[in-house]
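Coordinate-derived values only; no laboratory data. The structure displayed is predicted, hence computed values, not measured ones.
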Amino acid sequence: MDRSVWDGVERLRQWLDAKAAPATAGDVRLLRVLKIGEEYGEVAEALHGALGANPRKGASHTWQDVEQELCDVIVTSMVALATINGDGARLLDERVRHLVRRALPDEPA
């Protein structure tokens, strides 16, 4: 993954740290992980809207809205990972490699 993505994640983490209400380190980690659930809910809402699945709202969102909300989930997850462990880039890279090896064992690593 492009290092500039993780640089941006780190900048966002630092900004959140500076703006956060006083909390213990454990609370900050917990809140950042819980934020992923909030963002997932926004994906679900956008998906319902893109499919027109809510009879009260109809087609209230586009597939671009779904894409943007999915990106928000990914970035929020990356910020949470960076909050829990200062080397999120390495951890994510290792995890993706592990998942690829598990799913595609016959392909070269």
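Below, the figures for the structure above:
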quantity	calculated
For the chain, convex hull of alpha carbons as volume per residue, Å³	144 Å³
Where the Cα pairs of region 65-104 fall when distances are cut into 5 Å bins, in %	6, 23, 19, 20, 19, 12, 1
